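The numbers here are math on the coordinates, done by the rules we state, and not lab data. What you see is a predicted model, and the numbers here were worked out from it, not measured in a lab. As a convention, Cβ positions derive from the backbone with ideal geometry for all residues, glycine included, and neighbour counts pool all protein chains shown.
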Amino acid sequence: MSDEIGFDDLKLDYVSIAEARRMSGLRLVLGAYTVPGPWRESCKGIFYVKGLDYTPVRTANEGASDLAIGMEGSQSELIAWTAQSSAPVAIWNDERPRSLWNDQLNLAERLAPEPRLIPTDIEDRIRMFGLINELAGENGIAWSQRLLMAHGPLSTLPPDDESRPFWQALAEKYGYTPAGAEAACRHIASIFATFDAQLASQKARGHRYLMGPELTALDIYFACFLGLFKPMPPDRCPMATAYRPAYSNDDPAVEAAITPALLAHRDFVYEQHLELPIVF
């Protein structure tokens, strides 16, 4: 599944885990190099908006295949450092590694209080964290989409296909079952419908963002997680083209739920606040 992504001059300058462990400051372990993983891109986006420089860290030997990079369970160095096998991970100086999205957001907010991305009002804060969880948390849209991503290959690939171990590992990580994959589309569609209603309610108040008149973390997470279903074109998202079919949607209910208003909001957030083209 390797492919040329172009934009070679826009690639991040990664260091190895061994090198990163000897460093201080902010380091982000980012995982795969050629796809816009939503947790990875959201983490990058939060620190980008905050204006915080970081050292990007790879999770496999330089030159490793996309499949090897994606096999998170095989990352013994990452496990030894962070006690888990997933990216992204944010590490600040000698503090504990932060592999959860909410911990990464709170770290960024502490290191750079402005621009503020977490609402001060408690009701807004509760709603924002709840909505991000519907994107990034267990059983959120990304979790559900991973079930769908595993379902197709495991249903069609021959047993000896070289990519099957990757999809099997993905399936095991997210608790894949055929029944779970069947229910995933309805769940995803309902979450997108909730976001469409949230955006419409804010626009009715004359606000441009999902939580009101100012950018919050919710806008960043939404923009990045929508890429699992509707990646931006190659000039904005130069991902490995072999992965684009997996980062797509063919379910009518999900397609209907991803409204033009949601796509326009994704584009607005990227154009106004995030890095374009996406840098891998």
Exercise. Hey, rough spin-label estimate for Lys203 and Gln168, points 7 angstrom out along Cα→Cβ, what's it come to in nanometres?
Worked result: 4.7
Problem set entry | Nitroxide proxy distance, nm - points 7 Å out along Cα→Cβ at Asp103 and Ala179 | 3.3
Problem set entry | Inter-label distance for Arg110 and Asp94, nm, one decimal - labels placed 7 Å from Cα along Cα-to-Cβ | 1.6
Exercise. For the pair Arg236 and Glu214, what calculated FRET efficiency results from E = 1/(1 + (r/R0)^6), where r is the Cβ-Cβ distance and R0 = 25 Å, to the nearest 0.05?
Worked result: 0.55
For this session: Evaluate the chain: find the radius of gyration of its Cα atoms, find its Kirkwood radius, and give the ratio Rg to Rh.
Result: 0.94
Seminar exercise, completed: Per GNM of the chain with C-alpha springs under 10 angstrom, the most fluctuating residue out of Pro159, Pro178, Pro238 is Pro159
Problem set entry | 12 Å Cα-Cα reach of Lys44 towards aspartates and glutamates, excluding residues that sit fewer than 8 places from it in its own chain | Asp53, Glu275
